[in-house]
1. Please pick out the residue among Q83, Q101, Q76 that is in contact (Cβ under 8 Å) with a residue 40 or more places away in the chain and not hydrophobic (A, V, I, L, M, F, W, C).
2. Does E198 satisfy the condition of being away from ligand 4 (no atom under 14 Å from the Cβ) and touching a Ser or Thr at 6+ places or on another chain (Cβ under 7 Å)?
3. Give the residues of the stretch 93-123 that are open to solvent by 60 Å² or more (accessible area, probe 1.4 Å), over 22 Å from K200 (Cβ atoms) and either in a helix (DSSP H, G or I) or within 16 Å of ligand 4 (Cβ to nearest atom) (or both), sorted by residue number.
4. Report whether or not T279 is of a type in the set (S, T, Y) and within 15 Å of ligand 1 (Cβ to nearest atom).
5. Could you check how many residues of the stretch 186-201 are modelled with pLDDT under 95, outside any helix (DSSP H, G or I) and of a type outside the set (A, V, I, L, M, F, W, C)?
6. Quick check on my filter: what residues within the stretch 36-68 are out of contact with any Gly (no Cβ under 9 Å at 6 or more places or on another chain) and either within 12 Å of ligand 1 (Cβ to nearest atom) or aromatic (F, W, Y) (or both)?
7. Answer yes if at least one residue in the stretch 226-235 is at pLDDT 95 or above, within 16 Å of ligand 1 (Cβ to nearest atom) and part of a loop (DSSP other than H, G, I, E, B), and no otherwise.
Amino acid sequence: AKAGLEKVRLAPADRSEKLNAQDRKGMLQNLEDAIARRTVSWYWQPKIDLRDGTVIGFEALVRWDPPNMTKVPAEQLIRTVEQSPLIEPFTTLCLDTVLGQFASVQELWPGTSISINVSVRMLERPGFVDNVLAMITHHGVTPERVILELTETALIAHPAQARRVVERLHRGGVRMSIDDFGAGFTSFGYLREFAIDEIKIDRSFVSRCTESRFDQSLVHSLVVLCDSLDIALIAEGIETDAVRDLLVSLGCHAGQGYGISHPLSFLELRRWMNEWRHTSITGGDSTTSRD
Ligand code: C2E
Ligand code: MG
Ligand code: MG
Ligand code: MG
């Protein structure tokens, strides 16, 4: 009976391991095709001034819904792509798509910026900075309106290289952000060593802050720190009005989350922007568009 049990336990694990390798291969093949056909898309999550609802920018988040496979979650997609040579064409498609779309609205929506997540792996590519800057120029986007989000792991894994890359992009006018701040091996030293323009408080602290004094203190400390260092502070993962109100009272004035808007397709975003302007307090715009 014991041996039988073991067999039962081992068999599925063994099979799933094989399936995983095969799945991964199949997924990469499908993805290569999807990149070539440009059927990978990016959804946009609005970032607002939490006090008055003014839209200050958007974060682009990858979405891939292949016809013959189940939808692949962004995190899984990125993990797989990062370990494959597809990371390069994927990043190029991301920059081309998102910057192209942003270029078409940057005059319509003044004062907004576009945030793009950057993979750690891209920092090691020799042509990365030139590519980003060339793509921004190509689409006629103002570099100051582009924010690149890096996770701390990027800064830890390749400190010297990451520092050079961040420095060059920053000098090119692009703003640099640390994503999921506080979730990993955060060191305040990064803020001194890297040319950082923005910090995004990890959503674990944001969602807990209504219940946890510790998380409130942490948010408030970051407010003070960022204020004095002239770094923008964004809260991510705001799901309720209670969290939004508390953040404002703690001095954190910018954020994003399901409670404001889920990530939207570019088409949905254009509709959302029109509706949001009508409902937001300061959104009274005399040149209201007709579409
Ligand atoms: P991230 O950059 O920290 O993005 C925030 C994630 O939280 C997104 O998940 C977003 O949909 C989700 N989110 C937003 N508001 C809320 C909320 O109120 N509550 C909760 N529970 N979640 C919220 P998503 O889109 O699945 O992306 C996951 C991660 O995948 C991203 O984390 C980012 O690290 C990575 N990623 C996404 N798109 C790209 C991309 O184009 N390039 C790269 N390199 N990485 C990407
Ligand atoms: Mg991000
Ligand atoms: Mg994040
Ligand atoms: Mg994340």
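The values are calculated or read from the model by the stated rules, or taken from the named source; none is laboratory data. Remember, predicted model here, so these are calculated numbers, not experimental data. So basically every Cβ, Gly included, is an ideal-geometry build from the backbone, and we count neighbours across all protein chains shown. Ligands, DNA and RNA are stripped out before the accessible areas are found, and what is left, the full protein with its side chains, is counted by its heavy atoms. Shrake-Rupley method; radii C 1.70, N 1.55, O 1.52, S 1.80 Å.
1. Testing whether each residue is in contact (Cβ under 8 Å) with a residue 40 or more places away in the chain and not hydrophobic (A, V, I, L, M, F, W, C) leaves just Q101.
2. Taking the combined requirement at face value, the residue satisfies it.
3. Matches in the stretch 93-123: S104 only.
4. Criteria not met by T279.
5. The number of residues fulfilling the criteria is 2.
6. Matches in the stretch 36-68: V40, S41, W42, Y43, W44, F58, E59, A60, L61, V62, R63, W64.
7. Looking through the stretch 226-235, none of the residues is at pLDDT 95 or above, within 16 Å of ligand 1 (Cβ to nearest atom) and part of a loop (DSSP other than H, G, I, E, B).
For every residue, the table says whether it meets (1) among the charged types (D, E, K, R); (2) out of contact with any helix residue (DSSP H, G or I) (no Cβ under 8 Å at 6 or more places or on another chain); (3) in contact (Cβ under 8 Å) with a residue 12 or more places away in the chain.
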position	(1), (2), (3)
S177	no, yes, yes
D180	yes, no, yes
G189	no, yes, no
S217	no, yes, no
